[in-house]
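The values are calculated or read from the model by the stated rules, or taken from the named source; none is laboratory data. As the structure is a computational prediction, the values presented were derived from the model and not from experiment. All Cβ positions, even for glycine, are placed from backbone atoms using ideal geometry, and neighbour counts span all protein chains on display.
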Amino acid sequence: MRRIYLDNNSTTPVLPEVLDAMRPYFEEHFGNASSIHHHGQETRAAVERARDSVAALLGCSAAEIVFTSGGTEADNLAIAGLAEPGDHIITSCIEHHAVLQACKHLEEAGCEVTYLPVDGRSVVDPDDVRRALRRNTKLISVMLANNETGVLQPVEEIGKIAAEADACFHTDAVQAAAKIPIDVRKISCDAMSISGHKMHAPQGVGALYVRKGTHLRPLFFGGRHERSRRAGTENVPGIVALGRAADLALQSFERDDDRKMSALRDRLQQRILAQVEDAGVNGEGAPRVPNTCNIYFDQIDGEAMVISLDLKGLAVSTGAACSSGAIEPSHVLIAMGLPADRARASIRFSLGKQNTGEDIDLALALVPEAVARLRELAPTPRKGPTLIGRWQ
Amino acid sequence: MSDLKTIAVAMSGGVDSSTVAAIVRAEGHNVIGLTMQLWNQRRLAGHEGMPEAVKGRCCSLDDVYDARRVAEHIGIPYYVVNHEERFEREVVRPFVSEYLSGRTPIPCSLCNNHLKFDQLHVVARQIGADFVATGHYARVEYSDVSGRWLLKRPADRSKDQTYFLFGLTQEQLGRTLFPLGGMNKPEVRELARKHGLALAEKPDSQEICFVPGGDYKRFIDAYLAESGESLPDTSGELVTPEGEVIGEHAGIHNFTVGQRKGLGVATGSPLYVIQINRADKQVVVGSDDHLYSRTLRGHRVNLISVDELREPMRVSAKIRHRHEAAPAMLEKIAADEVRVTFDEPQRAVTPGQAAVFYDDDVVVGGAWIA
């Protein structure tokens, strides 16, 4: 069975060029980047080259990049490193759990947190940010692109509001990095998180941009790695891979690959909507990253849809997996105001650099058929719950 | 079964369903492992009177982990499907509601009727499976004579689970496989070992899966507290069959017909709950003799081996899971109602439980005791 992977917002395959770049750092150049000898010097140089590449991708200077174990650590570091008990934090209810749960944690520790709503397209209103400001607002954290819908947030406006209010602005750019050109100066953010495995580098590496002069408390305590902002021996192969992936992303923007990807995504979306009734795009009308579309298919069970498609070789996703692996309706779609049934009937398609037009054609051969089967076999709506007795 | 089918196996993470998956896989079928996520075991953990964490029971992360490892070991795709909402609606709330109404519910039958053989069958069909196989100890056979699917007791009578399966429809039975129906538990464990399943020695689960420690009263308290509802006041009097008030009780949901402990009255001879009257909140207690009755009425009837009860039928009827089926006459008395008349009076006929009717090994059908 030919397998097609359209779940690149979950993770992406490591590109061959990226794997080639990182491979020597397992065996040949294995040194600890903190060692003073030849082996250490070799890997230190590689880490700093990678830092240059990541800085170039985000439009900052190399000294402003802190390598982490991934997006979650970068988000946690930004939030716990910038706000402390007594501070007020503004965030949105469509953030990734790495941001939401970090905020919840700080809330328990004595921070005040405002969770902003979104509109029907999953967009935060900058005026809501302004209205939420308080005297003690220390941090605003709003993502650049949403992982479920791909919808871009008005981060430049929010950056201005934060600057005027003298609050730090962090943006989780995990789903935007390498998909759209990014410039931290234009966004005027103080911190930005990215993750390697969402951009064709391996799992286990990420980075946090921290604007020069921003005081950041570390999460880890140990050696003076990463300018004392992140203790722990550097994951050199991962960092090298992230650097290479950043180089490739910059090159692909020059080739207009992002436009080609959005053309592929649009073809997938339009043909699905042309063939399937009672379906539509979640986040329709809002600017999106080029690789994502989230489509609802009314009267289907998204979970059964994902399983059916997986058994036929197409990998897509729905909602959020809870700890057992069962699916819960996406908090993002619920926050947009989708009824629970429609949230449960929504499927996310997300493309990667490896996907081709042929992949899209194969997906198009499977999706309408799967929807038809699911609808045909859907249970007839039952009468209300079979309550045997009433409460009193 | 000569030709190869696509079979979804309902995997709980226990020995039985894991062995079923290994058996059908070894037969060469196209097998898909499914686990139903029905209840978040941590949901009421830590509520007053509830244990902090629950390990090693259905829907716990440990069990999902075990099921996933089995699926990976035998090489089948495996998915967890979320039916928490429906489980709460169709099983948990009715469970609470039944107790508050003075009856003694059987959540496992509701789960079989509304989840395992209904929702799971729907998902299985949607994802392309022809059959659903489960680890129940029971047998399904097609009768050419009656043209109906029959539910039969398993070879291992001590493991018989047909009592919980009386609600299955013909369509559900026609799509169900019980591969353990001809085996006993040691044989199943032996097969599990033979297939190299790491959980071959895992102990059987006994309790109601969502009631940790089996303390349903605490569960009801915690559940109602969590959903912001107050426990309805069903406290009232303890009375004798003659109507004499001999004490008070804190709520009818604390009692089950046949119960001896926790009555809160001391008398010379042992007293048992013989009846619970919801309307006047009275719990009637009396001696053991009062517990025996010869007849019961059953409603919400499901017939399996026959399509209609045209005339009274000789059956043996079982009135709780651990009851020895007793000879009785079964007759239809209204549209969805039957009367069972036992040859000998039976002890503690309990409203809310099921009466299941057998003709030797064959399940004729069943009904809920009114």
| Which of (1) within 20 Å of the chain's Cα centre (by Cα); (2) under 28 Å from B:His253 (Cβ atoms); (3) away from chain A (no Cβ under 12 Å) does B:Met50 not meet, given it meets every other one? | (1)
| What pairs can you find where one residue is in segment A:321-334 and at the interface with another protein chain (Cβ under 7 Å from one of its Cβ atoms) and hydrophobic (A, V, I, L, M, F, W, C), the other is outside any helix (DSSP H, G or I) and surrounded by 20 or more Cβ atoms within 10 Å (Cβ to Cβ), and their Cβ atoms are less than 7 Å apart, with a gap of 6+ or different chains? | A:Ala326/B:Gln37; A:Ala326/B:Val80; A:Ala326/B:Val81; A:Ala326/B:Asn82; A:Ile327/A:Thr318; A:Ile327/A:Gly319; A:Ile327/B:Asn82
| field | Filter result (under 16 Å from B:Leu199 (Cβ atoms) and either hydrophobic (A, V, I, L, M, F, W, C) or in contact with a strand residue (DSSP E or B) (Cβ under 9 Å, 6 or more places away or on another chain) (or both)) within segment B:60-109 | value | B:Leu61, B:Asp63, B:Val64, B:Ala67, B:Arg68, B:Val70, B:Ala71, B:Glu72, B:Ile74, B:Ile76, B:Tyr78
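State which residue is nearest to the chain's Cα centre (by Cα) when the search covers only segment B:256-279 and only residues that are crowded, with 16+ Cβ neighbours inside 10 Å and hydrophobic (A, V, I, L, M, F, W, C).
The residue in question is B:Val257.
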| request: Filter segment B:95-120 down to residues that are away from chain A (no Cβ under 11 Å), more than 27 Å from B:Gln170 (Cβ to Cβ) and aromatic (Phe, Trp, Tyr), then give me how many there are. | output: 0
| query | With segment A:59-170 as the region, which helices (runs of 4 or more DSSP H) entirely inside it contain at least 3 residues that are crowded, with 20+ Cβ neighbours inside 10 Å and not hydrophobic (A, V, I, L, M, F, W, C)? | reply | A:71-82
| Does at least one position in segment B:287-294 carry a residue that is touching a Leu at 6+ places or on another chain (Cβ under 8 Å) and not hydroxyl-bearing (Ser, Thr, Tyr)? | no
| said: Looking at the structure I just gave you, is A:Gly40 in contact with a Ser or Thr (Cβ under 7 Å, 6 or more places away or on another chain) and either outside any helix (DSSP H, G or I) or not assigned by TED's automatic domain parsing to the domain that holds A:Ser228 (or both)? | reply: no
| query | If we scan segment B:177-187, do we find a residue that is away from chain A (no Cβ under 14 Å), among the polar types (S, T, N, Q), on the phi < 0 side of the Ramachandran plot and out of contact with any Gly (no Cβ under 8 Å at 6 or more places or on another chain)? | reply | yes
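B:Ala348: over 21 Å from the mean Cα position of the chain (by Cα), modelled with pLDDT under 95 and more than 14 Å from every other protein chain (Cβ to nearest Cβ), yes or no?
Numbers: over 21 Å from the mean Cα position of the chain (by Cα): no; modelled with pLDDT under 95: yes; more than 14 Å from every other protein chain (Cβ to nearest Cβ): yes.
So B:Ala348 fails the test.
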| Got a number for residues in segment A:13-29 being over 18 Å from A:Gly352 (Cβ atoms), touching a residue at least 60 places away in the same chain (Cβ under 8 Å) and in a loop (DSSP other than H, G, I, E, B)? | 2
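Residues that are assigned to a helix (DSSP H, G or I) and either of a type in the set (Val, Ile, Thr) or in the same structural domain as B:His323 (by TED's automatic domain parsing) (or both): does segment B:151-172 have at least one? Steps first, please.
Looking only at segment B:151-172, we keep the residues that are assigned to a helix (DSSP H, G or I), and these are B:157-159, B:162-165, B:170-172.
Checking the rest, the ones that are also either of a type in the set (Val, Ile, Thr) or in the same structural domain as B:His323 (by TED's automatic domain parsing) (or both) come to B:162.
Yes, segment B:151-172 contains at least one residue that is assigned to a helix (DSSP H, G or I) and either of a type in the set (Val, Ile, Thr) or in the same structural domain as B:His323 (by TED's automatic domain parsing) (or both).
Suppose we filter B:Val140, B:Val123 for residues that are buried (at least 22 other Cβ atoms within 10 Å of the Cβ) and either within 12 Å of chain A (Cβ to nearest Cβ) or part of a strand (DSSP E or B) (or both); which single one remains? So that I can check it myself, show each step before the final result.
On the way: B:Val140 fails: buried (at least 22 other Cβ atoms within 10 Å of the Cβ).
Answer to the check: B:Val123.
For residues that are away from chain A (no Cβ under 14 Å), buried (at least 19 other Cβ atoms within 10 Å of the Cβ) and either of a type in the set (Val, Ile, Thr) or out of contact with any helix residue (DSSP H, G or I) (no Cβ under 7 Å at 6 or more places or on another chain) (or both), tally how many sit in segment B:222-255.
Let us first name the residues in segment B:222-255 that are away from chain A (no Cβ under 14 Å), namely B:222, B:225-226, B:237-250, B:254-255.
Okay, now just the ones that are also buried (at least 19 other Cβ atoms within 10 Å of the Cβ), so B:222, B:238-239, B:249, B:254-255.
Filter once more, so that each one left must be either of a type in the set (Val, Ile, Thr) or out of contact with any helix residue (DSSP H, G or I) (no Cβ under 7 Å at 6 or more places or on another chain) (or both): B:222, B:238-239, B:249, B:255.
Residues meeting the conditions: 5.
Kindly indicate whether B:Gly147 is within 14 Å of chain A (Cβ to nearest Cβ), surrounded by fewer than 20 Cβ atoms within 10 Å (Cβ to Cβ) and either at positive phi or of a type in the set (Asp, Glu) (or both). So that I can check it myself, show each step before the final result.
Working: within 14 Å of chain A (Cβ to nearest Cβ): no; surrounded by fewer than 20 Cβ atoms within 10 Å (Cβ to Cβ): yes; either at positive phi or of a type in the set (Asp, Glu) (or both): yes.
When the stated conditions are applied, B:Gly147 does not pass them.
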| request: State whether the residues of segment B:86-94 include one that is within 11 Å of chain A (Cβ to nearest Cβ), among the basic types (Lys, Arg) and crowded, with 20+ Cβ neighbours inside 10 Å. | output: no
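If a residue has to be surrounded by fewer than 17 Cβ atoms within 10 Å (Cβ to Cβ), over 23 Å from B:Arg68 (Cβ atoms) and not charged (D, E, K, R) to count, how many in segment B:171-198 make the cut? First the steps, then the outcome.
First, the residues of segment B:171-198 that are surrounded by fewer than 17 Cβ atoms within 10 Å (Cβ to Cβ): B:171, B:174, B:182, B:184-187, B:190, B:193-194, B:196, B:198.
With over 23 Å from B:Arg68 (Cβ atoms) added as a condition, the list becomes B:171, B:174, B:182, B:184-187, B:190.
So of that shortlist, the ones also not charged (D, E, K, R) come out as B:174, B:182, B:184, B:186.
Residues meeting the conditions: 4.
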| said: Of everything in segment B:1-21, what is of a type in the set (A, V, I, L, M, F, W, C) and either in a strand (DSSP E or B) or buried (at least 23 other Cβ atoms within 10 Å of the Cβ) (or both)? Give them in sequence order. | reply: B:Ile7, B:Ala8, B:Val9, B:Ala10, B:Met11, B:Val15, B:Val20, B:Ala21
| request: Could you tell me whether B:Ile76 is touching a helix residue (DSSP H, G or I) at 6+ places or on another chain (Cβ under 7 Å), among the β-branched types (Val, Ile, Thr), modelled with pLDDT of 90 or more and part of a loop (DSSP other than H, G, I, E, B)? | output: yes
| Could we say that B:Ala67 is closer than 27 Å to A:Arg344 by Cβ, assigned to a helix (DSSP H, G or I) and without any contact (Cβ under 8 Å) to a residue 60 or more places away in the chain here? | yes
| query | List, please: which pairs have Cβ atoms under 8 Å, are six or more places apart or on different chains, and start with a residue in segment A:190-203 that is under 30 Å from A:Asp166 (Cβ atoms) and end with one that is assigned to a strand (DSSP E or B) and of a type in the set (D, E, K, R)? | reply | A:Met192/A:Asp172; A:Ser193/A:Asp172
| note | Contact list, first residue from segment B:204-217 and surrounded by 15 or more Cβ atoms within 10 Å (Cβ to Cβ), second anywhere and among the polar types (S, T, N, Q) and in a helix (DSSP H, G or I), beta-carbon distance below 9 Å, six or more apart or interchain, is B:Lys217/B:Asn254
| note | The residue that is nearest to A:Glu73 (Cα to Cα), considering only those in segment A:166-190 that are small (Gly, Ala, Ser) and in contact with a Ser or Thr (Cβ under 7 Å, 6 or more places away or on another chain), is A:Ala173
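Out of A:Ala178, A:Ala162, report the one residue that is among the hydrophobic types (A, V, I, L, M, F, W, C) and touching a strand residue (DSSP E or B) at 6+ places or on another chain (Cβ under 7 Å).
Details: A:Ala178 fails: touching a strand residue (DSSP E or B) at 6+ places or on another chain (Cβ under 7 Å).
Just a single option satisfies the conditions, and that option is A:Ala162.
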